[in-house]
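K.L.:
Attaching a single structure in structure tokens format; questions to follow.
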Amino acid sequence: MAITLYCYHPTYKTISKAVFSKLGNFPAINYLENKNDNNAEIPISRTLEEEFKKIFQKVPDSDNLYFTDSQYKLFSKLSSSVEFSFSGPTSMGKSFIIKSFIKKVIKNSPPENIVIVVPTRALINQFSIDLKNELSELFERYKYKVLVNSNITDIALEENYSYVFVLTPERLISYLSQENTPPIGFLFIDEAHKLGNLNDARSITLYTCIEKTQKKYKGVKLYFSSPNVSNPDIFLKLFNRKSRNSFYYTDESPVSQNLYLVDIVGKSIKQYYNGTEIIIGISPSIISVKNDIDFIKKIGENQNNLIYCNFKSTTVEKANQFVEFKTDFVPNDAVIKAAKNISDYVHPDYYLTNLLIKGAAYHHGKLPQAIRNIVEDLYKKEFIRNVFCTSTLLEGVNMPTQNIFILDNRIFNKEFNSIDFWNLSGRAGRLTKELEGNIYCLQYEQSWENVDIFKKEKIELVPTVYNKVDKNLRKIESIINGNDISGSELEKEILKYIANIIKVDSLETDSNYKSPIINKLIEKNKDKIIQLAKSKSKDYQIPKFILNNNQNIDFETQNNVFNILSSNPRNIQLPSSGIKYETCLSILTRMYSLYKWDKAEKKLRDKNSLRYYATLMNQWINGLTLSHIIKESIDWKANNPNSTIKISYKDYIKFDKTDKKHINIIIEDVIDDIEYVLRFLFEKYFNHYYQVVLKIKGEEKSGENWATLLEYGTQNRVVIALQNLGISRNTAIKIYQNHRESLIMVDSKLQSINKNKLLKEFNTNSLEYDEIKKVL
């Protein structure tokens, strides 16, 4: 029965107030007081207990915010520890606790720099904006600034300021590779369960960035936050930290969640409650439902709905299906403005523009930052109420919702595991807006065979490096010997990554420091593998610090690149200006040979593709807007009569510039190639290349690090500095080109910005105005 049917009953008012008071669930108390004017009287002892809790559990530096009992218990433990790991349901508010702890940390004397590691670029923006909005006054008082990238050379660092960095694992590794960067005092790992993701090589990158940080900064204070992991102490053990009394786990959620398995074809519903399956049977509510979209419209009417789809293409397809038939949605001014801004930013025929006008949207990790911001903002304000999304939400993007509809039982090509399923499902139920949320798993195009994940049993996580070392020692040994192994592409990639780390780490086994992986091998009496790795690495020439900072590139490849460049160092540095297509193609062709991309990178195996990537790269680093790049790509396709587009895994068809579907395929391909090929793959290799050149030729003669140009999409140092503050590339370029007088410079470096002056110079309806107002 829905809460609205009985929440006005006097008995319910009294009991609910007493229960939530006992639990210290103050958001629920406030919700009920606002919803049903709950002025019920409860025993004086309970009232006094509530008032005492409000005194002790008040959130520091807040006007009217209070921790729940479980939040307060966690915050107290966290505050008294120099290393800690905690886990709880997604709805518990772990990010809220981290931010509350940061409030406490920035008051420390002497001040220390803080790093928060988040899984994706998508989360960098959200976390940094939240910090600025909620802690701006404290940051100003205690002289802290928030930075979102590892390249800080283009900002005028001030001696009396400290910094909060919000970084991905890759950006933290880049930070560690630089000299003269501010030391790190506190390291927070958000979404730490990613250390146990067996289906993503980035779990090894996350391990590496933590290991390298505590190696470089011996006294760094280390904290882990994860959802639904019953053994959070495993993260401390992994990095040889004290785990006794330094961890906390709870499965207590401040909101109730109703989980349903809906068979649309069979017209039946099952509910799962505390691990028990309740067969509801044939349900009148879905007798007339034709498909999954029909069900979402009927059940989710006038409510906030997140609809999970496995693949990006499916989110776009399902969102378009959702708006196929006429709806009574009337967009408000904010939605109309957002649609216009997205049209200008990307392309007039971009699907998202039309979807917003009809009350829906899609959201995935490779959407440009500014577009993600718009979608998230409209959804949180309930201006649009239906968002089709991929697993980006599993990465920690904060979009709580009333209903979650799960259309697929997979994440990528693997079935959901319990951690990922409940991390996604935990978004159902908005603590300050209702007391419950609904999760609908739909059987329509997919069938849910593994219903065990619905039971929400305690989940013990095993870190990927432990799991792979334990189960694949022979394969790892074979890789170290230079042999190929059997298995999937992903399995090979992860095992080669681990074997590479072992080879690099084996070089330091004679010192006092031993990495967690080496310690694990010693613990398993596998010294033979360590000695084998040392013997294979003994004749290396490349400096150890370069190997340490690039463990995701093959050891032998790194050494060969160093030897080749050292043997003929003339003109190996990359140009700092005058970059054209021919320059890009020439350099990419050389990199293809140096780094053996035909074997190392599936996406780059076709050498002919370098011409396309050189074009894209030239446009990107010369500051062309995304809309301009997309337009040129469409025009090129249209002007070449034999050009085709890929519509499925293997199928290609002739491009038709009048077909909106074809236009959107190109748009998504261009965005994908910028985000993955340019800003991930190329950036990784160019970063390594620059470190090698820097070692060979010295700083003054080492030229430009093109990894920086690829990351920021510009050669302009001021535009780079603006992006470090959280401004998107698009807005940063427009500020520099047209409103430079609002920037305060010191020795050609950006020191500060006249925000009020800048806002006056942008149209209040523009995307840039909204971003400047929110981010700066």
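Bear in mind these aren't lab numbers, they're just calculated from the coordinates by the rules spelled out. Computed from a predicted model, the values in this text were never measured in an experiment. Here the Cβ is made from the backbone with ideal geometry for all residues, glycine too, and neighbour counts use every protein chain on show.
K.L.:
What is the distance in Å between the Cα centres of the stretch 97-120 and the stretch 492-540?
P.N.:
If you average the Cα positions of each part, the centres end up 33 Å apart.
K.L.:
To the nearest 20 debye, what charge dipole does the stretch 585-688 have about its Cα centre, counting +1 at the Cβ of each Lys and Arg and -1 at the Cβ of each Asp and Glu? Intermediate values should be presented prior to the final figure.
P.N.:
Values: 18 positive and 14 negative charges, 70 e Å.
That gives the stretch 585-688 a dipole magnitude of about 340 debye.
K.L.:
Once you order the gyration tensor axes a ≥ b ≥ c over the Cα atoms, which shape class does the stretch 565-615 get: rounded for a/c under 1.5, otherwise prolate or oblate by comparing a/b with b/c?
P.N.:
Values: a/c = 3.15, a/b = 1.22, b/c = 2.57.
In terms of gyration-tensor shape, oblate.
K.L.:
Give, as a single signed number, the net charge of other residues whose beta carbon lies under 12 Å from the beta carbon of Arg46, with Lys and Arg counted +1 and Asp and Glu -1.
P.N.:
On the way: positive: Lys17, Lys22, Lys53; negative: Glu41, Glu49, Glu50, Glu51.
Net of charged neighbours comes to -1.
K.L.:
How far is it, in nm, from the label point at Asn274 to the one at Glu582 when both lie 7 Å from their Cα along the line to the Cβ?
P.N.:
7.6 nm
K.L.:
What ranking, highest mean first, results for peptides 92-98, 406-412 when packing means the other Cβ atoms within 10 Å averaged over each residue? It would help to have the intermediate numbers written out before the result.
P.N.:
On the way: 92-98: 21.0, 406-412: 18.3.
Ranking, from highest mean packing down: 92-98, 406-412.
K.L.:
GluC sites (Glu not before Pro) within the stretch 79-188: which are DSSP loop residues with at most 16 other Cβ atoms inside 10 Å?
P.N.:
Details: sites: Glu83, Glu112, Glu134, Glu137, Glu140, Glu158, Glu159, Glu170, Glu179; in loops: Glu112, Glu158, Glu159, Glu179.
Taking the stretch 79-188 and a limit of 16 other Cβ atoms within 10 Å, the loop GluC sites (Glu not before Pro) found are Glu158, Glu159, Glu179.
K.L.:
Is the shape of the chain rounded, prolate or oblate, going by the alpha carbon gyration tensor and its root eigenvalues a ≥ b ≥ c, with a/c under 1.5 for rounded and a/b larger than b/c for prolate?
P.N.:
Rounded, because the longest to shortest axis ratio a/c is under 1.5.
K.L.:
With just the Cα atoms defining each centre, how far is the stretch 395-471 from the stretch 236-294? Give it in Å.
P.N.:
If we compute the Cα centre of each part, the gap is 8 Å.
K.L.:
Where does the chain land at 222 nm, in deg cm²/dmol rounded to the nearest 500, when only DSSP H runs of n ≥ 4 count, each adding -39500 (n - 2.57), divided by all residues? Mind dumping the intermediate values first?
P.N.:
Working: 33 runs with 357 residues, N = 776.
For the chain, the value works out to -14000 deg cm²/dmol.
K.L.:
Where does each of Asp598, Asp539, Asp190 land when they are ranked from fewest to most other beta-carbon atoms within 10 angstrom?
P.N.:
Values: Asp598 13, Asp539 7, Asp190 21.
By the 10 Å Cβ count, ascending, the order reads Asp539, Asp598, Asp190.
K.L.:
Take the Cβ-Cβ distance between Val265 and Asp606 as r, set R0 to 56 Å, and report the resulting FRET efficiency rounded to the nearest 0.05. Please list the in-between numbers first.
P.N.:
Values: r = 42 Å, r/R0 = 0.75.
Approximately 0.85, to the nearest 0.05.
K.L.:
Measuring from label point to label point, each 7 Å out along Cα→Cβ, what is the Glu699 to Ser45 span in nm?
P.N.:
6.9 nm
K.L.:
Among Thr276, Thr314, Thr731, which comes first, second and so on when ranked by fewest other beta-carbon atoms within 10 Å? Mind showing how you got there, number by number?
P.N.:
Details: Thr276 9, Thr314 18, Thr731 24.
Starting with the residue having the fewest Cβ neighbours, the order is Thr276, Thr314, Thr731.
K.L.:
OK, next. Using Stokes-Einstein with the Kirkwood hydrodynamic radius over Cα pairs, what translational diffusion coefficient do you get for the stretch 256-455 at 25 °C and a viscosity of 0.890 mPa s, in µm²/s rounded to a whole number? Before the final figure, lay out each step's value.
P.N.:
On the way: Rh = 17.2 Å.
Translational D for this selection: 143 µm²/s.
K.L.:
Let me ask another. For the stretch 69-249, build the charge dipole from Cβ charges (+1 Lys, Arg; -1 Asp, Glu) around the Cα centre, then report which of Val146, Asn113, Pro227 sits farthest towards its positive end.
P.N.:
Comparing the listed Cα positions along the dipole, Pro227 ranks first.
K.L.:
So for each of 437-443, 469-475 I average, over its residues, the number of other beta carbons within 10 Å; can you give me the resulting order with the highest mean first?
P.N.:
Numbers: 437-443: 23.1, 469-475: 15.3.
Averaged packing, sorted descending, gives the order 437-443, 469-475.
K.L.:
Further, regarding this structure: Counting only other residues whose beta carbon sits under 15 Å from that of Thr464, what net charge do I get with K and R as +1, D and E as -1? Could you put the intermediate results ahead of the total?
P.N.:
Values: positive: Lys194, Arg202, Lys237, Lys414, Lys468, Lys471, Lys475, Lys492, Lys496, Lys520; negative: Glu191, Asp200, Glu211, Asp420, Glu460, Asp470, Glu491, Glu493.
Local charge sum for Thr464: +2.
K.L.:
Moving on to the next point. Let me know the charge dipole size of the chain about its Cα centre in debye, to the nearest 20, where only the beta-carbon of Lys, Arg (+1) and Asp, Glu (-1) is charged.
P.N.:
Details: 105 positive and 91 negative charges, 257 e Å.
That gives the chain a dipole magnitude of about 1240 debye.
K.L.:
Also, I was wondering about something else. What are the principal axis extents of the Cα atoms in the stretch 47-186, in Å, biggest first?
P.N.:
If we take the Cα atoms of the stretch 47-186, the spans are 56, 31, 26 Å.
K.L.:
Loop-only GluC sites (Glu not before Pro) in the stretch 522-618, please: DSSP not H, G, I, E or B, and at most 13 other Cβ atoms within 10 Å.
P.N.:
On the way: sites: Glu523, Glu556, Glu582, Glu601; in loops: Glu601.
Here no loop site has a sparse enough neighbourhood.
K.L.:
Can you compute the charge dipole magnitude of the stretch 464-554 about its Cα centre, using +1 on each Lys and Arg Cβ and -1 on each Asp and Glu Cβ, nothing else charged? Give it in debye, rounded to the nearest 20.
P.N.:
Using only the charged Cβ atoms, the result is roughly 220 debye.
K.L.:
So for the chain, taking the charge dipole from beta-carbon charges (+1 Lys/Arg, -1 Asp/Glu), which of Gln257, Ile733, Leu758 sits furthest toward the positive end?
P.N.:
Ile733
K.L.:
Count the net charge of all other residues whose Cβ sits under 9 Å from the Cβ of Asn730, scoring Lys and Arg as +1 and Asp and Glu as -1. Don't skip to the end; give the middle numbers.
P.N.:
Numbers: positive: Arg729, Lys734; negative: Glu768, Glu771.
Its environment carries a net charge of 0.
K.L.:
Considering only DSSP beta bridges whose two residues both sit in the chain, what percent are antiparallel, to the nearest 5? Don't jump to the answer; show the numbers that get you there.
P.N.:
Values: 21 of 74 bridges.
Given both bridge residues lie in the chain, the antiparallel proportion sits at roughly 30 percent.
K.L.:
Can you find, among Gly281, Cys309, Ile299, the residue farthest towards the positive end of the dipole of the stretch 273-320? Put +1 on the C-beta of Lys and Arg, -1 on that of Asp and Glu.
P.N.:
Cys309
K.L.:
Under 18 Å from a label point 7 Å along Cα→Cβ of Ser643: give me every residue in the stretch 660-680 with its amide N that close.
P.N.:
Correct set: 660-674.
K.L.:
Please go through the stretch 484-524 and write out the trypsin sites (Lys or Arg not before Pro) that DSSP classes as loop and that have at most 12 other C-beta atoms within 10 Å. Can you show the working numbers first?
P.N.:
Details: sites: Lys492, Lys496, Lys503, Lys514, Lys520, Lys524; in loops: Lys514, Lys524.
Those satisfying the criteria are Lys524.
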